[in-house]
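*Asks:* One structure, pasted below without further comment.
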Amino acid sequence: MALVLGMTAELKLETRCQNQIQNEINRAAPLPGEEILVDDLIRKHKNAIHRTRSSRKYNCHGLVFASRRTWIWDPAEVSKILRDDEYIKIPPSDVLAGDIALYFHEGDAQHAGIVVEVFEKPFTTKILGKWGFMQEVVHLAHDVPPEYGINIEYYRIKS
Amino acid sequence: MNSLEQIDLREAFKMYSISNTPLFLMKRLKTDSATLGISRNLSGDKILAALQELVASEPRDAVDYVRPYVYLVALSQLPDIKYLQSAGDLKGNEKWDWFRYIQRVLIATYSPSVSEFIDTQKVLGFSTVQSSASEFSNIQLAEATPWK
């Protein structure tokens, strides 16, 4: 049976405390011109692994907190997830692969990623993230578009 | 700068493409040179009219997807909030996912402001300034807020 899906929709997505997480999946096709920007980012971040092309179906927060299913666009929802899911802030000395990295600007989490590798001297991490509706990227923590800034905090979910 | 259509919004589109949240986009557009140019050089009526036309039609190219947000933020930089408030009533704005959210945040954080350029060469009466120093002769009093 064919299932007809709307262009945009909100998925049922809840925190551990069963609070709905505001989200939106956008099934629209890529915009003309997007591919040029994807290639531009590949050129600017040569040492990163660019895993995918562009997608509007999910963003970095959707990658980290919703298994790539949808777009979580409100930083307040990220705060809700951190609280409800009992994330704990981790000092750099204790960061492990699997922790999450949040890039903060003026108190809001504007970007997120999953730590896939930790380097000790000097300390840095390799992160799997997604840049807006551009591609998924595995990159060193500071090898991001400069607009994301470098105010990075690490969190681990309570098991 | 006579026409909104002629303004180069490629940088704004780049910001849009890497925006994970509307707040991120809004904050970046506030300091974007194209946005500032629009708010400084065009009237609220003209920007609002262009925005009305834009949201009522379909995007023609990639840049058209960010154009409404640029105009919205430009409206928030005008000394009168009425244009920004009117933008919420424009038919068709729901086609842009982040339009209503950004408009609401801009209204909630609105601070009437004016920008003024002062030519210190004229003000101080200097007449023999070296040309190499001329690029430093304009002091921009950005976002001066006489109401505070």
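*Asks:* With A:Arg56, A:Arg68, A:Arg83 as the choices, which residue is of a type in the set (D, E, K, R), within 11 Å of another protein chain (Cβ to nearest Cβ) and under 23 Å from A:Gln22 (Cβ atoms)?
*Replies:* Every option except A:Arg56 fails the conditions.
*Asks:* Check off (1) modelled with pLDDT of 95 or more; (2) over 19 Å from A:Pro75 (Cβ atoms) for A:Asn23 and give me the number that stays unchecked.
*Replies:* Just one mismatch for A:Asn23, condition (2).
*Asks:* A further question on this structure: Within the set of pairs 6+ apart or on separate chains, which have a first residue in region B:3-23 that is within 11 Å of another protein chain (Cβ to nearest Cβ), a second that is among the polar types (S, T, N, Q) and surrounded by 19 or more Cβ atoms within 10 Å (Cβ to Cβ), and C-beta atoms under 8 Å apart?
*Replies:* B:Ser17/A:Ser54; B:Asn20/A:Asn59; B:Asn20/A:Gln110; B:Thr21/A:Asn59; B:Thr21/A:Gln110; B:Leu23/A:Gln110
*Asks:* While we're here: Do you know which residues across region B:25-67 are within 14 Å of chain A (Cβ to nearest Cβ) and under 20 Å from B:Gly88 (Cα atoms)?
*Replies:* Hits for region B:25-67 are B:Leu25, B:Met26, B:Lys27, B:Leu29, B:Lys30, B:Glu58, B:Pro59, B:Asp64, B:Tyr65, B:Val66, B:Arg67.
*Asks:* Sticking with this one: Among what's in region A:18-33 and is facing chain B (nearest Cβ under 9 Å) and not in a loop (DSSP other than H, G, I, E, B), pick the residue that is farthest from B:Pro59 (Cα to Cα).
*Replies:* A:Glu24
*Asks:* May I ask you to verify whether B:Val70 is in the same structural domain as B:Ile18 (by TED's automatic domain parsing), touching a residue at least 60 places away in the same chain (Cβ under 8 Å), part of a helix (DSSP H, G or I) and closer than 26 Å to A:Ile36 by Cα?
*Replies:* yes
*Asks:* Quick one: is A:Ile36 hydrophobic (A, V, I, L, M, F, W, C) and modelled with pLDDT of 95 or more?
*Replies:* no
*Asks:* Can I ask one more? When you scan region A:52-154 for strands (runs of 3 or more DSSP E) that lie fully inside it, which ones turn up with 3 or more residues that are surrounded by 17 or more Cβ atoms within 10 Å (Cβ to Cβ) and in contact (Cβ under 8 Å) with a residue 12 or more places away in the chain?
*Replies:* The qualifying strands (runs of 3 or more DSSP E) are A:100-105, A:108-119, A:124-130, A:136-140.
The values are calculated or read from the model by the stated rules, or taken from the named source; none is laboratory data. Everything numeric here is computed off the predicted structure, so don't read it as measured data. In this analysis, Cβ positions are derived from the backbone assuming ideal geometry, glycine residues included, and neighbour counts consider all displayed protein chains.
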